[in-house]
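Where a number appears in this text, it was derived from the coordinates with a stated rule and is not lab data. Keep in mind the model is a prediction, meaning the values are calculated, not measured. Neighbour counts are summed over all protein chains in view; Cβ atoms, including those assigned to glycine, are modelled from backbone coordinates with ideal geometry.
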Amino acid sequence: MNEKRPIGLFDSGVGGLTVSRHIFRYLPEESTIYFGDNARVPYGSRSREELMTFAAQILTFLLSRGAKYIIFACNTNSSLTLPAMRRRFGVPMIGLIEPGAAEAARVTRRGRVGVIATEATVKSGAYQAALKAAAPGLEVFAQAAPRLVPLVEGGRFGTRESLEAVREYVEPLKKAGIDTLILGCTHYPFLWEEFRTALGPEVVLVDPAEATVKAAREELARLGLLGGPGGPVEHRYYVSGDPLPLVAAARRFLGLDGVRVEKVTLD
Ligand code: DGL
């Protein structure tokens, strides 16, 4: 199959780049179109109604640019808007929650799984439900971490400030004796070293994006939507606010120099 249209992905800002890197690795023949809604970041403190409006606008944009398949590169939207958007738009879509939960259920040794995520994701109960569905005996400990997204958007990862913030948020999870932690917000893999330092080497860190992109690859194959070999591969980036944070994060996190990011207005 040779379906050259791009995969669309979206997030509130730079977090979705942690999903892009797995697309580049596992789906190297796919073009992508990325939307970072950084004029309205953070999403984690917003209501479901607001997020529904934003998601519908972004999906309309991505589909108008020819997206053949959508990866929700945002846990908050994966938790709160994905089922409704699937019903509304007739395109195949995947989110991070089920693949991330299944991966955590697979790797946990003692069945004590932590989830760190935005307030909205934690409150939605989506990970808690998906983990119980994946393995009913699991003990799940969820922690909201509202200070982390602004730190990452501001490029302040790898700092003393980010380490202190992560230390504070994981303290209750450490006390609960988790053996596995789901990084349940796509901004958090930018803070991988901070989590590793704060939790020590024993706790397994799960980035749901990896399992999600592998599941997307299977679904694309099943639907006859894989890009296939040959032809140009192109990655386009759009934001609703300042393009610079995405340019900087792509450089620091993905080693991509000078990506072109275009600002667009959605309505
Ligand atoms: N990166 C998104 C997530 O995975 C949204 C974070 C936010 O804007 O609060 O939840």
Legend entry - Extreme residue, surrounded by the most Cβ atoms within 10 Å (Cβ to Cβ), among residues of the stretch 223-248 that are among the small types (Gly, Ala, Ser) and more than 29 Å from residue 3 (Cβ to Cβ): 241
Inset, instruction - Please name all residue pairs, on different chains or six or more residues apart, with Cβ atoms under 6 Å, provided the first residue is in the stretch 163-185 and is surrounded by fewer than 21 Cβ atoms within 10 Å (Cβ to Cβ) and the second residue is aromatic (Phe, Trp, Tyr). - result: 176/141
Inset, instruction - Having 2 or more residues that are more than 16 Å from the ligand (Cβ to nearest atom) is the bar; report the helices (runs of 4 or more DSSP H) wholly within the stretch 59-155 that clear it. - result: 82-88, 97-107, 126-134
Inset, instruction - Examine the stretch 77-92 for a residue that is crowded, with 22+ Cβ neighbours inside 10 Å and closer than 20 Å to residue 262 by Cβ, and state whether such a residue exists. - result: no
Inset, instruction - Report whether or not residue 56 is farther than 24 Å from residue 211 by Cα, small (Gly, Ala, Ser) and part of a helix (DSSP H, G or I). - result: yes
Inset, instruction - Please enumerate the residues belonging to the stretch 3-18 that are within 15 Å of the chain's Cα centre (by Cα), of a type outside the set (S, T, N, Q) and either near the ligand (Cβ under 9 Å from one of its atoms) or part of a loop (DSSP other than H, G, I, E, B) (or both). - result: 11, 13, 14, 15, 16
Legend entry - Residues of the stretch 175-233 classified as closer than 13 Å to residue 26 by Cα and within 15 Å of the ligand (Cβ to nearest atom), total: 5
Inset, instruction - Residue by residue through the stretch 32-54, note down the ones that are away from the ligand (no atom under 12 Å from the Cβ), touching a residue at least 12 places away in the same chain (Cβ under 8 Å) and farther than 18 Å from residue 117 by Cα. - result: 32, 33, 34, 35, 52
